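The values are calculated or read from the model by the stated rules, or taken from the named source; none is laboratory data. Here the structure is a predicted model, which is why all the values come from computation and not from measurement. Neighbour counts run over all protein chains shown; Cβ positions are idealised from the backbone, glycine included. When the accessible area is computed, the model is the full protein with side chains, heavy atoms only, and any ligands, DNA or RNA have been set aside. Shrake-Rupley method; radii C 1.70, N 1.55, O 1.52, S 1.80 Å.
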Amino acid sequence: MFTSIKYLCGITLAIAMAGCYKDEGNYDYNEINKIAITSDSTDVVVSQQDTLRINVNLSQTMPDASGLTYQWVLYPTGTAQTRRTLSETKNLSAFITEAPGSYVLDYFVTDKKTGVSFQKRFWINVVSAFGEGWMVLEEVNGATDIGLVTKGNKIYRNIYSATNKGAKLPAGANMIQIINYRSDQEIYIFSPNDMIQVNYIDFLKIKRFDEFFFTAPEPKPQGHYLLGGADKILYNNGQVFPVSLMTPPPFFYGLPLIGENPYYMEPYPIYSVLKGKFFYDRISQRFYRAGPYDIELSSCPAYNPALDAFDMNNIGKKMLYAEHNVTDQHIALFKNNNHDSLFIYVLDAGIDNAAIGKYDVTKVPGLLGADHYMMSKTLTYLYYSNGNKVYKLDILAQTSTLLYTFPAGAQVADMKLYLNYDDFEDPDNYRVMGIATNEGDQGKLYYFHIAGTGNFTGNTYREVFSGFGKLSSILFKSRS
């Protein structure tokens with residue numbers, strides 16, 4: 001027994017000692033092609049809807065005729081689950097559609113002969129290209145899309161389709177609206193039979209008309225408005241749908257405001273935060289009102305000749321347009337039922353006797369037959385267009401001034417004031433007017449600076465951008 005143990009220990013010791021001898025066997029070692037990757041920077045900033053370009057320098061220790069393969073892979077910082085191969089070329093030139101944020105970009109170079117890969121990492125910051133600028137709706141070959149002219153005068157086109165996998169806007173899209181609510185910005189695109197909301201950062205579609213309702217009516221949307229920060233109203237086919245923002249989100253529209261008789265309200269909001277909302281009924285040709293939290297329409301206070309400039313319960317005319325002017329004051333333009341007389345009614349929605357002014361403006365040049373209107377937000381001026389001409393109406397003086405005439409055959413498509421919601425000290429606020437025209441086979445966007453007199457500075461435009469398709473709506477967007 002003892003002898004066996006000694007024998008086994010001896011064998012074990014011999015094996016262990018043998019392992020300590022240097023292995024002098026003959027082996028073949030193959031050197032690989034080592035690739036070094038360098039570039040100017042690994043931190044890159046690129047705008048959304050722009051081209052990301054990165055050039056690299058490669059050095060090889062053992063280049064081979066079989067060559068190299070390349071791959072650029074982008075994914076959000078913190079997760080590689082959503083990966084996109086941008087290119088398989090040596091240098092990168094790739095169109096970026098990703099949402100603004102931080103991304104990792106891995107670059108792989110693989111030696112075809114050995115299959116060995118080398119990697120370099122880049123850090124990419126995608127910033128919004130669609131922050132501040134004039135949005136335009138343009139139609140090309142029967143399809144409508146969104147364009148943007150930035151404050152730096154860079155023009156982006158087909159933004160919506162680029163973000164939404166080639167889809168175009170609903171047929172007949174013809175109006176843009178923006179609601180700036182708290183820290184968010186809501187962008188809505190209207191067509192005769194739909195309304196969609198898009199993300200203000202990348203214009204990705206969020207939802208369509210029927211997704212705003214518990215039970216959606218037939219879609220014939222006319223306007224969507226924020227009233228004083230606590231309520232929204234949606235006009236659809238003459239019905240008024242309210243929702244209170246005092247309740248927790250998500251917000252859905254339910255039933256329309258209740259009226260004693262069938263009504264069809266013109267889609268122009270007239271309101272005061274404290275006193276509530278006024279609505280003009282096309283059928284009965286009169287005003288109704290609803291308090292801040294009312295779900296029913298009620299009559300306006302009875303006409304008092306000593307206090308009221310007109311009877312709000314008995315207008316008897318067709319409303320052409322209405323818009324906020326200053327404080328709680330609103331201007332409404334009416335045409336009589338014979339289509340030969342025009343009147344401006346002034347309402348102060350913040351007082352009990354809201355009917356404060358009435359003016360006969362029948363003889364104002366170009367106003368009868370005008371096609372677009374816009375109220376000044378600083379003075380009692382109404383801007384309007386008729387064909388290729390733009391006018392300013394001094395409502396109190398009842399006088400009109402021809403401000404600008406576009407080339408013969410041009411047609412004004414829309415006119416809006418500039419307002420930077422992110423900077424109320426911006427000197428251009430309410431001092432710049434954007435006007436869209438259709439001239440021959442192209443649309444144009446003009447900027448006019450407004451002087452203290454309300455006229456256009458120098459009697460001409462400050463800038464013009466051409467080459468668009470048929471334009472239908474413009475609006476300044478101020479948040480990135």
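Quick one: would you say Y373 is in a strand (DSSP E or B), under 28 Å from the mean Cα position of the chain (by Cα) and free of Cβ contacts under 8 Å to residues at least 40 places away in the same chain? First the steps, then the outcome.
On the way: in a strand (DSSP E or B): yes; under 28 Å from the mean Cα position of the chain (by Cα): yes; free of Cβ contacts under 8 Å to residues at least 40 places away in the same chain: no.
Against the criterion (in a strand (DSSP E or B), under 28 Å from the mean Cα position of the chain (by Cα) and free of Cβ contacts under 8 Å to residues at least 40 places away in the same chain), Y373 does not qualify.
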Which condition number does P249 fail, the rest of (1) under 23 Å from the mean Cα position of the chain (by Cα); (2) open to solvent by less than 80 Å² (accessible area, probe 1.4 Å) being met? (2)
Among the candidates E260, E266, single out the residue that is more than 23 Å from M375 (Cα to Cα) and of a type in the set (D, E, K, R). E260
Whether any residue in segment 133-155 is open to solvent by less than 10 Å² (accessible area, probe 1.4 Å), charged (D, E, K, R) and outside any loop (DSSP other than H, G, I, E, B) is what I want to check. yes
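Every residue in segment 383-413 that is part of a strand (DSSP E or B) and either within 26 Å of the chain's Cα centre (by Cα) or among the aromatic types (F, W, Y) (or both), please.
Matches in segment 383-413: Y383, Y384, S385, Y391, Y404, Q411, V412, A413.
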Every residue in segment 67-82 that is more than 34 Å from the chain's Cα centre (by Cα) and open to solvent by less than 50 Å² (accessible area, probe 1.4 Å), please. G67, L68
Tabulated pairs, segment 195-214, first farther than 15 Å from L137 by Cβ and in contact (Cβ under 8 Å) with a residue 40 or more places away in the chain, second open to solvent by less than 20 Å² (accessible area, probe 1.4 Å) and of a type in the set (K, R), C-beta under 8 angstrom, 6+ apart or interchain: Y200/K477
Does segment 303-311 contain at least one residue that is touching a residue at least 24 places away in the same chain (Cβ under 8 Å), within 29 Å of T453 (Cβ to Cβ) and either in contact with a strand residue (DSSP E or B) (Cβ under 7 Å, 6 or more places away or on another chain) or aromatic (F, W, Y) (or both)? yes
In segment 457-474, how many are crowded, with 19+ Cβ neighbours inside 10 Å and assigned to a strand (DSSP E or B)? 5
Any idea which of (1) under 29 Å from L148 (Cβ atoms); (2) among the β-branched types (V, I, T); (3) surrounded by 15 or more Cβ atoms within 10 Å (Cβ to Cβ); (4) without any contact (Cβ under 8 Å) to a residue 60 or more places away in the chain is the one T85 doesn't satisfy? (3)
P267 meets each of (1) under 28 Å from the mean Cα position of the chain (by Cα); (2) open to solvent by 70 Å² or more (accessible area, probe 1.4 Å); (3) under 16 Å from L320 (Cα atoms); (4) not charged (D, E, K, R) with one exception, condition (2)
